[in-house]
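The values are calculated or read from the model by the stated rules, or taken from the named source; none is laboratory data. These numbers come from a predicted model, not from an experiment. Note that we place each Cβ from the backbone using ideal geometry, even for glycine, and neighbour counts take in every protein chain shown. Note: accessible area is taken over every heavy atom of the protein model, side chains too, but ligands, DNA and RNA are not part of it. Shrake-Rupley method; radii C 1.70, N 1.55, O 1.52, S 1.80 Å.
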Amino acid sequence: MTITAPSPRATERIAAAMTVLMCRPTHFTVTYRINPWMDPDAPTDTDRAVAQWEQLRETYRGLGFAVREIAPIEGLPDMVFAANGGLVIDDVAYTASFHFPQRQPEGPAYGAWFEAAGLKVNRAQCVNEGEGDFLPIGDVILAGHGFRTDRASHREAARIFGREVVALELVRPEYYHLDTALTILDRRPGREHVAYLPGAFSEASLSELRLRFPDAIEVSEEDAAVFGLNAVSDGLHVITAAAATGFHAQLREHGYTPIGVDLTELLLGGGGVKCCTLELRSAVDQRSAVDQTGATGKES
Ligand code: ARG
């Protein structure tokens, strides 16, 4: 009999309850081009977008997520991409301030929703696209820049949330938001785990990622190109593009359960699973997630 040393991949995966905000793609179409995926001359099918989005919502409900919805606004075809609507941690919201004029009205629309939901709202002074570029993990916030979010907003977020913000430079126009190139798989402090596309980052940012996350999953160009990395993880289940099959296999190897969803219609707008999902991290959810790890001393 051979005794095998415990594999570092054997980390226990635990699902933590999530609350998310979504926006029905009632008005989704492609009328302008602000990323390389968008082609205003190519036809879109709004009914198909709605049907695919409903599948995603039902997937979340099936996993026990609480799904909240913001009313879609006519004339804002990208409003379905709720991740860009802001950043919420411990019931504190930092609003988005969009880079392109076409999306600017979405900032106040999401801000008003946060206010009505009783969150403590900080209105952005600096250009940022919410969770498109800000991804909290452990005690820090990973923050993309290069295409949409200004570096000045990284400092603004650090001040509002009192957390270290780790700047990551994006260099490929198809991966214009951090959440198209990197997925947070496990956010628990001390067990941080991510997946990313190495080629989407500058040399310096890639070194930073390799230093911080030595056991990260490096995803193939093929899986990234179907927006596999535009994914949502509850710590066990990873909801991602159905077509990202290589990534699914990597996830299984690391103890996760991949769940493939077809959002190809929304990919015509340059978005996927994560883009359609804004996480509402409440102080209460955070505490229960910490309890599940058995960690102590986090009570406040
Ligand atoms: N058409 C949208 C834009 O270019 C897509 C946003 C995708 N959202 C995201 N979180 N990556 O702004």
Open item on the list: Given points 7 Å out from each Cα along the Cα-Cβ axis, report the Thr31 to Phe100 separation in nanometres with one decimal.
Closed with: 1.3 nm
Open item on the list: Restricting to DSSP H runs of at least four residues, report the calculated mean residue ellipticity at 222 nm for the chain, -39500 (n - 2.57) per run over all residues, nearest 500 deg cm²/dmol.
Closed with: -7500 deg cm²/dmol
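At a 1.4 Å probe, what is the % contribution of carbon and sulfur to the accessible area of the stretch 16-67? Spell out each step's value before the answer.
Values: 1100 of 2390 Å².
Heavy-atom surface of the stretch 16-67 belonging to carbon and sulfur, 1.4 Å probe: 46 percent.
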Task: Inter-site label distance for Thr264 and Glu222 at 7 Å from Cα along Cβ, in nm - done: 1.6 nm
Task: Portion, in percent, of the accessible area of the stretch 144-213 that falls on carbon or sulfur, probe 1.4 Å - done: 48 percent
Task: Accessible area of the stretch 100-168 divided out per residue, in Å², using a probe of 1.4 angstrom - done: 40 Å²
- [ ] Pop a pseudo-label 7 angstrom from the Cα along the beta-carbon direction at both Arg159 and Arg212 and give the gap in nm to one decimal.
- [x] 2.1 nm
Task: Lys/Arg +1, Asp/Glu -1 at C-beta; the chain dipole; positive extreme among Ala117, Gly162, Leu268 - done: Gly162
Open item on the list: I need the fraction of alpha carbon pairs in the chain separated by more than 34 Å, rounded to a whole percent.
Closed with: 14 percent
- [ ] Rounded to whole Å and sorted largest first, list the principal axis extents of the Cα atoms in the stretch 62-158.
- [x] 32, 31, 25
